[in-house]
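**Student:** Below is the structure I would like to discuss, written out as structure tokens.
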Amino acid sequence: MHIAEGFLPWQWCLFWYIVALPVIAYGIIQIKRVTDEHPESKPLLAVSGAFIFILSSLKLPSVTGSCSHPTGTGLGAVLFGPAAVSVLAAIVLVFQALLLAHGGITTLGANDFSMGIVGPFAAWLIWKGARKIGWSSSLAIFIAAVMGDWLTYVTTAVQLSLAFPIPTFEAAFVKFIAIYAYTQVPLAIAEGILTVVVFEYIMKLRPDILVKLGVIKSEDPEIVKARTEAV
Amino acid sequence: MFELTLDGYAHSNELRNLNPYFKVLFAIITMIVSLISTSPIVPLFIFLFFTFLILFEAKIPIKFYLKFLLVPFTFAFITFVFMAIFFGYGQYVYDLGFLNLGVSADGFNRAALVFARIMGGFACLAFLALTTPMTELFAILEAIKIPKIVVELTMLMYRYIFLFLDEAINMYHSQETRNGYSTMKKSYKSMGMLVSNLFIKTWLKGEQTFIAMESRCYDGSIKTMNDFGSVKTIGIKKFSLLILFEVVLCAAVYLSAGFHIL
């Protein structure tokens, strides 16, 4: 998922920076507007960012026996909205590069584009769409998390094969996708299951937070059910 | 599972008192030179040079440095093998003997270049991470006109990462001592509980922090002390050394452009 420092040729580093920057700028404007209106949301956004970082440093047992960490993009996007996540993800990626040697500074633009923009936006759209057609929140968040992850990998594979189109873009893409299919597809499903477990716990323990974040409406039958169970 | 002692070294190494602007300029410019190089020579030199600086100038223990480099090195090595086999044109110089796979000169050279660039880039990154405390980097972010809201979020996040990490470790250990990770099913349940509890706790902390800040006259901006020097305090001598170093590196990049190992 993380493209390492030095992996991409400089032209592509620059290109992905230019692509990612307008979205990050839009996210910053959004965050600025929210924090100007509600000053109490600033510490909240900061702890959310720290939460995403911790999430990505947890090791997850996977079906294939290998271990990897969740990306947190799906959960983050559903809870905080994709625009805010694009900014938080950029900050998290800098911390990951400096504290854990994951990713890098020159590849920050490319990594933020795949993990902070494409993944969260896809997850958020799927979540909204699935809720609109009346799917249960558990199913919707599962699909959102899994698809968010998969689209992140597809984006990364596209970025890598654009940088190394050998012998052609399509052939390189097939090679990169083949690797991801073996290692990451089970991981995405694992993250999907974990996201569902997490979401159901939050729903059970503090449904009011989800209502306040606008994830779920207060008159939602699932919230009403959770509330009556709590009583 | 959770290792973040890096911050301690950033605060206590021998290059700690060097002007942070100098260190950042040095690391970032060298990183870019390593990136634009078309032969593996300059990136490998950068790797060796920065390793020397980290071990003998900053006096970071070699064991810790190697641990930091283990992740990128493993990744770079896998990339090297993968690219050498799958990303080359032309005749094989070495045939693997199955599935018609082999290593061509073109693929090997490309793999060597990417490997060298990754190692060179990470040595610069390690230099930055191990010698410069985050708090000084925040001041630089502010100085290069990154929006204030982003810098503030970054500072708060940095603080909370360590607090939550502590909490996560405690929860993880107590779950583990109660056989919480003994089977796959239990692992998912435990991990789910850990993450959701962490989320609820982070939410509460966020609310409490705001109350605490507001009772201390928080007006929407966090004020910090910036006495880490500036670009101007780097000094002519160091600055010209920096320029000279980078110019020599660029010349080396230019001269070694046609070099291939195979």
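Every read-out reported here was derived from the displayed coordinates using simple, explicitly stated rules and does not represent laboratory data. Computed from a prediction, not measured in an experiment: that's the story for all the values here. Please note: Cβ atoms are built from the backbone with ideal geometry, for glycine as well, and neighbour counts cover all protein chains shown.
**Student:** Rounded, prolate or oblate: pick one for segment B:130-262, where a ≥ b ≥ c are the square roots of the eigenvalues of its C-alpha gyration tensor, a/c under 1.5 means rounded, and failing that, prolate if a/b is larger than b/c, else oblate.
**Tutor:** It is oblate, given that a/c is not under 1.5 and a/b is not larger than b/c.
**Student:** Okay, moving on. Give, to the nearest whole percent, the P(r) tail of chain A beyond 24 angstrom, counting all Cα pairs.
**Tutor:** In whole percent, the share of Cα-Cα pairs in chain A beyond 24 Å is 45.
**Student:** In square nanometres and to one decimal, what's the mean projected area of the convex hull around the Cα atoms of chain B? Let's see the in-between values first.
**Tutor:** Details: hull surface 79.9 nm².
With every direction weighted equally, the projected area is 20.0 nm².
**Student:** Relative to the longest principal axis of the C-alpha atoms of chain A, give the angle of the C-alpha long axis of helix A:82-95, reported between 0 and 90° and rounded to the nearest 10°.
**Tutor:** 60
**Student:** Going by amide H atoms built from the backbone, whose H comes under 5 Å of the H on B:GLY102, apart from near neighbours?
**Tutor:** B:LEU96
**Student:** So, R0 is 41 Å and r is the distance between the beta-carbons of B:PHE64 and A:SER218; what FRET efficiency does that work out to, to 0.05?
**Tutor:** 0.20
**Student:** Let me ask something else. Could you tell me which GluC sites (Glu not before Pro) in segment A:146-231 are loop residues by DSSP with no more than 11 other beta carbons within 10 angstrom of their beta carbon?
**Tutor:** For GluC sites (Glu not before Pro) across segment A:146-231 that sit outside H, G, I, E and B with at most 11 neighbouring Cβ atoms in 10 Å, the list reads A:GLU219.
**Student:** Still on this model: Determine the calculated [θ] at 222 nm for the protein assembly as shown from helices alone, applying -39500 (n - 2.57) to every DSSP H run no shorter than 4 residues and normalising by the residue count; nearest 500 deg cm²/dmol.
**Tutor:** Helix-only estimate at 222 nm: -23500 deg cm²/dmol.
**Student:** Rounded to a whole number, what is D in µm²/s for segment B:39-84 from Stokes-Einstein with the Kirkwood radius over alpha-carbon pairs (10 °C, 1.306 mPa s)?
**Tutor:** Estimated via Stokes-Einstein, D reaches 135 µm²/s.
**Student:** Averaged across the residues of A:89-101, what count of C-beta atoms belonging to other chains lies within 10 Å of each residue's C-beta?
**Tutor:** What the average comes to for A:89-101 is 5.
**Student:** Follow-up question, since we're still on this one. So for the protein assembly as shown, Kirkwood radius off the Cα pairs, Stokes-Einstein at 37 °C and 0.692 mPa s: how many µm² s⁻¹?
**Tutor:** Here the translational diffusion coefficient equals 137 µm²/s.
**Student:** Check cross-link reach from B:LYS63 to the aspartates and glutamates: straight Cα distance under 15 Å, and skip same-chain residues fewer than eight apart.
**Tutor:** B:GLU3
**Student:** Scan segment B:128-183 for trypsin sites (Lys or Arg not before Pro) in coil per DSSP, keeping those whose Cβ has at most 14 other Cβ atoms within 10 Å, and list them by number.
**Tutor:** Numbers: sites: B:LYS145, B:LYS148, B:ARG159, B:ARG178; in loops: B:LYS145, B:ARG178.
Taking segment B:128-183 and a limit of 14 other Cβ atoms within 10 Å, the loop trypsin sites (Lys or Arg not before Pro) found are B:LYS145, B:ARG178.
**Student:** Give me a single rounded figure for B:117-126: the average over its residues of other chain Cβ atoms within 10 Å of their Cβ.
**Tutor:** For this peptide, the per-residue mean of nearby foreign Cβ atoms is 5.
**Student:** Which log10 I(q)/I(0) values, to two decimals, does segment B:146-214 give at q = 0.12, 0.16, 0.20 Å⁻¹ under the Debye formula with one point per Cα?
**Tutor:** These q points yield log10 I(q)/I(0) values of -0.43, -0.66, -0.85.
**Student:** Given points 7 Å out from each Cα along the Cα-Cβ axis, report the B:TYR89 to B:PHE52 separation in nanometres with one decimal.
**Tutor:** About 3.7 nm separates the two model spin labels.
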